[in-house]
Structures are given as structure tokens and as C-alpha cells.
Amino acid sequence: IVKNQKGTLVLEHLSGTPEGYIKIIGDGQTVISGGERKGVTFSKSSNEAVLISNCHYLVLEGFNVTGGGTHGIYVGNHSTEVHIINFDISGWGRETTLAANVDNFEIAPVDEKGNRVNNEAGITLMDVNDILVDRCFIHDPRNKANAWKGPKNGTENGFTWEWAHPAGPTGIFVR
């Protein structure tokens, strides 16, 4: 791991055992930066600051993750027994603004092209088993979310709405 690394940290096909996990430990100050990602379309493997794919019995501990085009950390491709401990994760996702009447939503966050943005996460877990996330501070995404209910009187940021399920960033997304 390189201090203040620019770009995606890719961890693929790393396999420890139940008796011997692979452990990668930061000093609590090391920054893994996924960059700003403004106005750029990325392939699946570069949407995040950290990509963990098909890894088993892996422990990552004590890093700061900033940026990532969609996610701070993406764990997928049938990874199992991955532990993410003592991370500070911030600044992931696309920059958004709120817009009215988007994809049948009264109000929703949209990117610079007007596309609805939802479920961009500090940590995304897709098609995985037995993942531990412990003592992680996940905060300050670049994108916005709408509130459940609109303002009772007047408008908020120029919009009025009665009710809308929140869309936008999330701390941990699991599917």
C-alpha cells in the first residue's frame, strides 16, 4: 500500500485460510484516494477507491478512504470472510443536485446529465458472504439525498413536494 495513492486500490483473488487470514494493516493515517471523478464515465473496476473482488479470509484495517466515482469501497464477486475495520471513508459518489419529477419520483438527486442517483455507498457489498464492517466512520459523501417529506410551507431549494422516499447516498449498501 502506497501512502496517498491516487486511483483504485484493486485486491483480487487473495485467499487466506480459516486458520490464517491475510491481514493488511494501515497506520491510521494512510490515505487511499479514488479521486474526484467529475463528468467521467468509468468502467466497473474504476468506480471505487478500493475494489475487493473474489477475496477470502482477508482483513483490512486502519485506512482512510477518500473519493471513488460511485463507492468508497466495493466488495463483490463472491468474496467471503472479509473484515473491514477502523476505516474513515468520505467523499465518494457523484456530485448531485435535487430535481423534480425524475423517474416517477417527486424529487430526487440527479447528476450533471440529469440521471437519478441512488444507492452510492461508502461501502457496497454485492454477492458476498460473511463480511464484517467494524468501527468504520462513513461520512460526507459528495452527493445529496432528498428528505422524506417536503416543507410544510413554501419551498426547499426552490422545490415543493409532499412525500418522496429518500434517494441518494448511503453508508453501507448490501445486495
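The values are calculated or read from the model by the stated rules, or taken from the named source; none is laboratory data. Because the structure is a prediction, the values reported are computed rather than measured. Side chains included, ligands, DNA and RNA excluded: accessible areas come from the protein's heavy atoms. Shrake-Rupley method; radii C 1.70, N 1.55, O 1.52, S 1.80 Å.
With Cα atoms as the point set, the radius of gyration and Dmax of the range 57-153 evaluate to 15.8, 53 Å. Shape class for the range 59-100: oblate, because the ratio a/c of the largest to smallest gyration tensor axis (alpha-carbon atoms, square roots of eigenvalues) is 1.5 or more and b/c is at least a/b.
Per-residue surface analysis assigns Glu95 an accessible area of about 90 Å², computed on protein heavy atoms at 1.4 Å probe radius.
Of the residues Tyr21, Tyr74, ranked by 1.4 Å probe accessible area with the largest first, the sequence reads Tyr21, Tyr74.
Over all pairs of different C-alpha atoms in the range 104-143, the reciprocal of the mean inverse distance, the Kirkwood hydrodynamic radius, equals 13.0 Å.
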